[in-house]
């Protein structure tokens, strides 16, 4: 069984309380006790939480696998820039080689910066720092870019060492799966958290494919509102050098789709919903290494479609191929469109923070 197949199998187990999940449930009790003990050490002050001089917005999830954190971060960055903020992003940089503190630049590879941070840097053009410890990444970013006046922490809901002013929990159509903790279920933390829990979010953003209707019920912590964000594939795919191709222009062509994400089949289904013919689908494990993409390129002859996240590795492999060997490759971005009420609530919370400070170049500030 390949890693991608094993990954899909686990998600199937976590969707219901079947016999496999039930066998693992005692281990979930142990996992829950260890997680609770760790949170308790932060609550008691034995483990320190570092506060920063600028607002920190944490985006994360309480379930395993991609629930839409990166599209949420990109949507937040666009909104914050439009509102006059100068944002930066910190991340651990999962999947990268090394654990040093570094800035992710436009030409940084995914091996050095991590898949998601590299994508965020290229898509936004904003400062992005990665480090094993997010506090170090945040301090380095603020030292290098003193103009930054708000930080987004990607995938940081369980990272309690970095103090947060606003926490956003992201859910997709899986919701909480079977409701059990790892390894018997999807959950990293008990949900919904009890009042006053250190990991409890301030806002919940629920994502679902556009046209799929309202998501199913989800229990919420007391006083926490949930907002709706439909997601869809962009109308245009992006090429290795910034070229654009309308998805409609690819209809009727034989295509190969590849995805190295938590749930590749969702990407494939969305492509088919846009009228594309997938002669071949290649499901790779989440954070697949570049060797997977090199092997794929060496055996593919038709047009390749991939996610934006996978493109940071796939496109980097193209220069190693001769012109007549390289297949046409396109990345299809995922667009997230949170409802206006979500951004209104975000703006109100930021405005209420005593250390919130808008860029002076926009002529005003909140204090």
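The values are calculated or read from the model by the stated rules, or taken from the named source; none is laboratory data. As the structure is a prediction and not an experimental result, all values here were calculated from the model. Cβ: placed from backbone, ideal geometry, glycine included. Neighbour counts: every protein chain shown.
Return the total of residues in the range 13-32 being out of contact with any strand residue (DSSP E or B) (no Cβ under 7 Å at 6 or more places or on another chain), under 16 Å from residue 62 (Cα atoms) and assigned to a helix (DSSP H, G or I). Walk me through it before giving the result.
The initial filter retains those residues of the range 13-32 that are out of contact with any strand residue (DSSP E or B) (no Cβ under 7 Å at 6 or more places or on another chain), namely 13-27, 29-30.
With the extra rule that they be under 16 Å from residue 62 (Cα atoms), the set shrinks to 14-15.
Next, from what is left, pick out any that are assigned to a helix (DSSP H, G or I): 14.
Going through the range 13-32 one residue at a time, the tally reaches 1.
I need a count of the residues in the range 212-240 that are in a loop (DSSP other than H, G, I, E, B) and either under 27 Å from residue 316 (Cβ atoms) or in contact (Cβ under 8 Å) with a residue 60 or more places away in the chain (or both).
Taking the range 212-240 first, the residues in a loop (DSSP other than H, G, I, E, B) are 212-224, 234-235, 239-240.
Imposing the further condition that a residue be either under 27 Å from residue 316 (Cβ atoms) or in contact (Cβ under 8 Å) with a residue 60 or more places away in the chain (or both) reduces the set to 234-235, 239-240.
Here the count works out to 4.
Pairing each residue of the range 26-50 that is free of Cβ contacts under 8 Å to residues at least 40 places away in the same chain with any residue that is loosely packed, with under 13 Cβ neighbours inside 10 Å, provided the two are 6+ apart or on different chains, yields no C-beta distance under 7 Å. Yes or no: residue 335 under 22 Å from residue 236 (Cβ atoms), within 21 Å of the chain's Cα centre (by Cα), touching a residue at least 12 places away in the same chain (Cβ under 8 Å) and surrounded by fewer than 20 Cβ atoms within 10 Å (Cβ to Cβ)? So residue 335 passes the test. Scanning the range 246-273 for residues that are more than 25 Å from the chain's Cα centre (by Cα) and surrounded by 15 or more Cβ atoms within 10 Å (Cβ to Cβ) turns up 250, 255. Per this entry, residue 346 is not counted among residues that are part of a loop (DSSP other than H, G, I, E, B), closer than 30 Å to residue 168 by Cβ, assigned by TED's automatic domain parsing to the domain that holds residue 205 and over 17 Å from the mean Cα position of the chain (by Cα). Taken as a whole, the structure places residue 271 among residues that are touching a residue at least 12 places away in the same chain (Cβ under 8 Å) and part of a helix (DSSP H, G or I).
Within the range 344-359, which residues are in contact with a helix residue (DSSP H, G or I) (Cβ under 8 Å, 6 or more places away or on another chain) and over 10 Å from residue 55 (Cβ atoms)? Walk me through how you get there before you give the answer.
First, pick out the residues of the range 344-359 that are in contact with a helix residue (DSSP H, G or I) (Cβ under 8 Å, 6 or more places away or on another chain): 346, 356.
346 - this is the single residue of the range 344-359 that is in contact with a helix residue (DSSP H, G or I) (Cβ under 8 Å, 6 or more places away or on another chain) and over 10 Å from residue 55 (Cβ atoms).
Specify the residue that is farthest from the chain's Cα centre (by Cα); the eligible residues are those in the range 64-80 that are surrounded by fewer than 18 Cβ atoms within 10 Å (Cβ to Cβ) and at pLDDT 90 or above. Give the derivation first.
Filtering the range 64-80 for residues surrounded by fewer than 18 Cβ atoms within 10 Å (Cβ to Cβ) gives 65, 78-79.
In the following step, the residues that additionally are at pLDDT 90 or above were identified as 78-79.
Working: 78: 15, 79: 17 Å.
Per the criteria, the residue is 79.
The set of residues from the range 274-295 being without any contact (Cβ under 8 Å) to a residue 40 or more places away in the chain, within 18 Å of residue 110 (Cβ to Cβ) and surrounded by fewer than 21 Cβ atoms within 10 Å (Cβ to Cβ) comprises 289, 291, 292, 294, 295.
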